[in-house]
Amino acid sequence: MVDTTRLTQAVDHFADRLRAAPQSRLQRGAAAEALALARQMSLWAQSVEEPGAAAREMPDAGMFAAADQITVAVHDLAVVLQNDAEVERALELVAEAQKKAAV
């Protein structure tokens, strides 16, 4: 079993920053970045869990739900990651999204 602690901690930190961000920051793109990350992680998890199945896109639940969406998507992905390289890649994606979101 691969250790995903760093990944879940990173996404929890990102989600906390989003929850603390002012509405204006969310509107200027932070929420959109979070949703894009959530969708990407969700699709990745689906491809591992159900190879060949039709992908289901995470819906846009609004800017105030973005923090919860990244948390759910990344925690779901963390369960199915199979090696340290995948964890590192997921960590990179979380860091990139947080940097773009500027939170």
Cleavage-rule hits (GluC sites (Glu not before Pro)) in the stretch 16-57: DSSP loop, at most 15 neighbouring Cβ within 10 angstrom:
57
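What does the extension gain come out to for residue 82 and residue 5, with contour length at 0.36 nm per residue minus their alpha carbon separation?
On the way: separation 77, 0.36 × 77 = 27.72 nm, distance 1.37 nm.
The residue 82-residue 5 span can extend by a further 26.4 nm.
From the square roots a ≥ b ≥ c of the eigenvalues of the alpha-carbon gyration tensor of the stretch 50-103, which class results: rounded (a/c under 1.5), prolate (a/b over b/c), or oblate?
Because a/c hits 1.5 or more and a/b fails to exceed b/c, the stretch 50-103 counts as oblate.
How big is D, in µm² s⁻¹, for the chain by Stokes-Einstein at 25 °C and 0.890 mPa s if Rh is the Kirkwood radius over C-alpha pairs? If you can, show how the numbers build up before the last one.
Details: Rh = 13.5 Å.
Estimated via Stokes-Einstein, D reaches 181 µm²/s.
Count charges around residue 72 for me, please; just the other residues with Cβ under 15 Å from its Cβ, Lys/Arg as +1, Asp/Glu as -1.
-4
Of the accessible area of the chain, with the probe set at 1.4 angstrom, what percent is carbon plus sulfur? Before the final figure, lay out each step's value.
Numbers: 3000 of 5880 Å².
Percent of accessible area from carbon and sulfur atoms in the chain: 51.
So which trypsin sites (Lys or Arg not before Pro) in the chain end up in coil per DSSP with only 12 or fewer other C-beta atoms within 10 Å? Walk me through the numbers on the way to the answer.
Values: sites: 6, 17, 19, 25, 28, 39, 56, 89, 99, 100; in loops: 56.
Taking the chain and a limit of 12 other Cβ atoms within 10 Å, the loop trypsin sites (Lys or Arg not before Pro) found are 56.
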How far, in degrees from 0 to 90, does helix 84-101 lean away from the longest principal axis of the Cα atoms of the chain, to the nearest 10?
10
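Mind checking the per residue accessible area of the chain for me, 1.4 Å probe, whole number of Å²?
Details: 5880 Å² over 103 residues.
Heavy-atom SASA per residue in the chain reads 57 Å².
Sum up the charges of everything whose Cβ sits under 11 Å from the Cβ of residue 96, counting Lys and Arg as +1 and Asp and Glu as -1, but leave residue 96 out. Display every interim value, and only then the final one.
Numbers: positive: 89, 99, 100; negative: 33, 92.
Neighbour charge sum, excluding residue 96 itself: +1.
The values are calculated or read from the model by the stated rules, or taken from the named source; none is laboratory data. Not measured: the values here are computed from a predicted model. FYI the Cβ positions are ideal-geometry reconstructions off the backbone, even for glycines, and counts take in every protein chain you see. For the accessible areas, the whole protein counts, side chains as well, though only heavy atoms, and no ligand, DNA or RNA atoms are used. Shrake-Rupley method; radii C 1.70, N 1.55, O 1.52, S 1.80 Å.
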